[in-house]
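Notes for the one structure printed next.
The values are calculated or read from the model by the stated rules, or taken from the named source; none is laboratory data. Given the structure is predicted, the values throughout are model-derived calculations rather than measurements. So basically every Cβ, Gly included, is an ideal-geometry build from the backbone, and we count neighbours across all protein chains shown.
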Amino acid sequence: MSTELDNLLRKALIEFTERVFASGWRGREREAISMFVLGYLINQVRPDGPLRDRTQIGIEVAVPSHKKINPKGRVNKDLVIWPVGGMTLWDAKWNEANTPLAVLEWKVYRSIHRNADLAPVDLGWLTRWTREFPRVIGYAVALDLVQRQFCLRVARVENGSVQREWLEVKSVAG
């Protein structure tokens with residue numbers, strides 16, 4: 001399942017990046033996530049794939065966390081993919097009981113930002129979190145709208161292990 005998820009995310013991220021740079025699109029993190037989900041990720045929904053229902057996708061939704069890190073025992077994340085449609089963190093008794101398939105943490109860099117790269121805070125959180133929740137895959141996404149060293153860079157995190165070069169789009173003609 002993780003290979004299928006990787007493949008559909010890779011395809012959607014590349015298509016999204018090509019569109020962003022070909023069109024001269026401008027936006028911040030929340031606009032980028034919305035455009036990615038509604039314009040590209042949603043197109044990857046297939047009855048026989050890991051993304052079978054549009055309602056598996058959540059933007060700024062709660063996932064479980066360590067009470068030592070967050071007293072509430074949950075934290076909101078940029079983009080979450082759940083195992084089944086309509087799923088959230090909570091069970092029927094409002095217990096924090098469910099874990100997602102994947103969590104994507106995004107950073108969008110514009111000309112006002114000096115350095116564009118994978119965010120160390122996101123990589124650190126995803127590393128610790130995927131150790132605690134080993135069935136979940138984390139992705140740290142960096143979109144550099146200035147195209148300094150790259151257009152898009154994505155690290156994949158599984159079981160606390162970071163694959164920094166999982167996806168990189170260096171230049172897009174536009």
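In the range 1-20, the qualifying residues are those that are of a type outside the set (D, E, K, R) and in contact with a strand residue (DSSP E or B) (Cβ under 9 Å, 6 or more places away or on another chain), and the one that is surrounded by the most Cβ atoms within 10 Å (Cβ to Cβ) is L9.
Filtered by the rule that a residue be over 17 Å from Y139 (Cβ atoms), touching a Phe, Trp or Tyr at 6+ places or on another chain (Cβ under 9 Å) and part of a loop (DSSP other than H, G, I, E, B), the range 90-115 gives A97, N98, N115.
When each of V80, V61, V84 is tested for being touching a Pro at 6+ places or on another chain (Cβ under 6 Å), among the hydrophobic types (A, V, I, L, M, F, W, C) and either at pLDDT 95 or above or not in a strand (DSSP E or B) (or both), the lone residue that passes is V80. For the structure I just gave you, tell me whether W166 is among the aromatic types (F, W, Y), out of contact with any Ser or Thr (no Cβ under 7 Å at 6 or more places or on another chain) and not in a strand (DSSP E or B). No; evaluated as a whole, the condition is false for this residue. Number of residues in the range 121-152 that are of a type in the set (V, I, T) and closer than 25 Å to E18 by Cβ equals 3. Can you find a residue in the range 81-103 that is farther than 25 Å from R46 by Cβ, β-branched (V, I, T) and either in contact with a strand residue (DSSP E or B) (Cβ under 9 Å, 6 or more places away or on another chain) or surrounded by 13 or more Cβ atoms within 10 Å (Cβ to Cβ) (or both)? Checked against the condition, which is being farther than 25 Å from R46 by Cβ, β-branched (V, I, T) and either in contact with a strand residue (DSSP E or B) (Cβ under 9 Å, 6 or more places away or on another chain) or surrounded by 13 or more Cβ atoms within 10 Å (Cβ to Cβ) (or both), the range 81-103 yields no hits at all.
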